[in-house]
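As structure tokens, the structure follows; a few thoughts come after it.
The values are calculated or read from the model by the stated rules, or taken from the named source; none is laboratory data. None of these values were measured; they are calculated from a predicted model. Counting neighbours? That spans all protein chains shown, and the Cβs are built from the backbone with ideal geometry, glycine included. When the accessible area is computed, the model is the full protein with side chains, heavy atoms only, and any ligands, DNA or RNA have been set aside. Shrake-Rupley method; radii C 1.70, N 1.55, O 1.52, S 1.80 Å.
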Amino acid sequence: ETGVTQTPRHLVMGMTNKKSLKCEQHLGHNAMYWYKQSAKKPLELMFVYNFKEQTENNSVPSRFSPECPNSSHLFLHLHTLQPEDSALYLCASSRETPGQGHEQYFGPGTRLTVT
Amino acid sequence: SQQGEEDPQALSIQEGENATMNCSYKTSINNLQWYRQNSGRGLVHLILIRSNEREKHSGRLRVTLDTSKKSSSLLITASRAADTASYFCAFHSGGYQKVTFGTGTKLQVIP
């Protein structure tokens with residue numbers, strides 16, 4: 001256990017559905033991240049939050065909407081997704097100070113299938 | 001692209017042998033990290049090496065960093081079947097928080 005939990009672990013949704021992914025970290029970290037991992041592609045950073053403020057949006061389509069109500073919780077709201085959005089979505093957290101690049105702790109991921 | 005490149009993409013060895021994976025990058029970095037991922041799971045941090053360090057050890061892991069060649073290697077000694085996983089390098093190249101991951105090496109250790 002890394003101290004980062006994600007729910008649900010598996011999700012199948014139609015293109016017209018709305019669903020949310022949840023991430024929670026119990027490590028007292030101030031930064032949280034969403035990544036997308038598709039088959040045979042490198043890990044893609046989607047969003048970064050630090051102390052609840054979004055500090056990075058890596059040109060992610062608006063059908064993905066993040067929410068960070070506090071430093072321990074991170075959500076990814078999904079709507080009108082496309083089949084190519086099927087992937088493993090990973091949440092991570094880290095203790096961050098400017099310019100330091102500390103190690104990240106990952107959750108187990110949510111395997112998303114869009115039909 | 002600032003993405004890290006790893007080679008080989010896949011590596012298959014016998015249990016007890018050593019495994020070496022390499023990572024190259026294009027920018028100057030503050031640190032370089034190695035992660036491990038079992039199939040379909042989250043990544044687990046293995047080791048971090050700072051730009052002013054040349055070598056670091058952790059158990060059966062040995063990481064080297066050559067900033068002049070912009071490359072790093074991860075050596076796993078006396079491999080075990082349980083080491084079967086994908087291994088990723090990731091580097092921090094300044095700015096706030098953003099760490100860029102490499103393409104990964106898939107290691108299979110045959111019992």
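Data table
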{"quantity": "Boolean, B:I49 is surrounded by 18 or more Cβ atoms within 10 Å (Cβ to Cβ), in a loop (DSSP other than H, G, I, E, B), within 14 Å of another protein chain (Cβ to nearest Cβ) and not polar (S, T, N, Q)", "calculated": "no"}
{"quantity": "Residues (buried (at least 16 other Cβ atoms within 10 Å of the Cβ), within 12 Å of chain B (Cβ to nearest Cβ) and farther than 19 Å from B:H92 by Cβ) located in region A:30-68", "calculated": "A:K36, A:Q37"}
{"quantity": "Sole residue being in a loop (DSSP other than H, G, I, E, B), of a type in the set (S, T, N, Q) and either touching a Phe, Trp or Tyr at 6+ places or on another chain (Cβ under 9 Å) or open to solvent by 50 Å² or more (accessible area, probe 1.4 Å) (or both), chosen from B:S68, B:S79, B:S72", "calculated": "B:S68"}
{"quantity": "Those residues of region A:87-115 which are within 14 Å of chain B (Cβ to nearest Cβ), surrounded by fewer than 17 Cβ atoms within 10 Å (Cβ to Cβ) and assigned to a loop (DSSP other than H, G, I, E, B), in sequence order", "calculated": "A:R95, A:T97, A:P98, A:G99, A:Q100"}
{"quantity": "The listed residue being touching a strand residue (DSSP E or B) at 6+ places or on another chain (Cβ under 9 Å), within 14 Å of chain A (Cβ to nearest Cβ) and of a type in the set (K, R), out of B:K70, B:K98", "calculated": "B:K98"}
{"quantity": "Any hit, region A:13-20, residues being touching a His at 6+ places or on another chain (Cβ under 6 Å), more than 11 Å from chain B (Cβ to nearest Cβ), open to solvent by less than 70 Å² (accessible area, probe 1.4 Å) and charged (D, E, K, R)", "calculated": "no"}
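This table checks each residue for (1) without any contact (Cβ under 8 Å) to a residue 60 or more places away in the chain; (2) touching a Ser or Thr at 6+ places or on another chain (Cβ under 7 Å); (3) within 13 Å of chain A (Cβ to nearest Cβ); (4) surrounded by 18 or more Cβ atoms within 10 Å (Cβ to Cβ).
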site: B:Q9; (1), (2), (3), (4): no, yes, yes, no
site: B:N38; (1), (2), (3), (4): yes, no, yes, no
site: B:S93; (1), (2), (3), (4): no, yes, yes, yes
site: B:K106; (1), (2), (3), (4): no, yes, yes, no
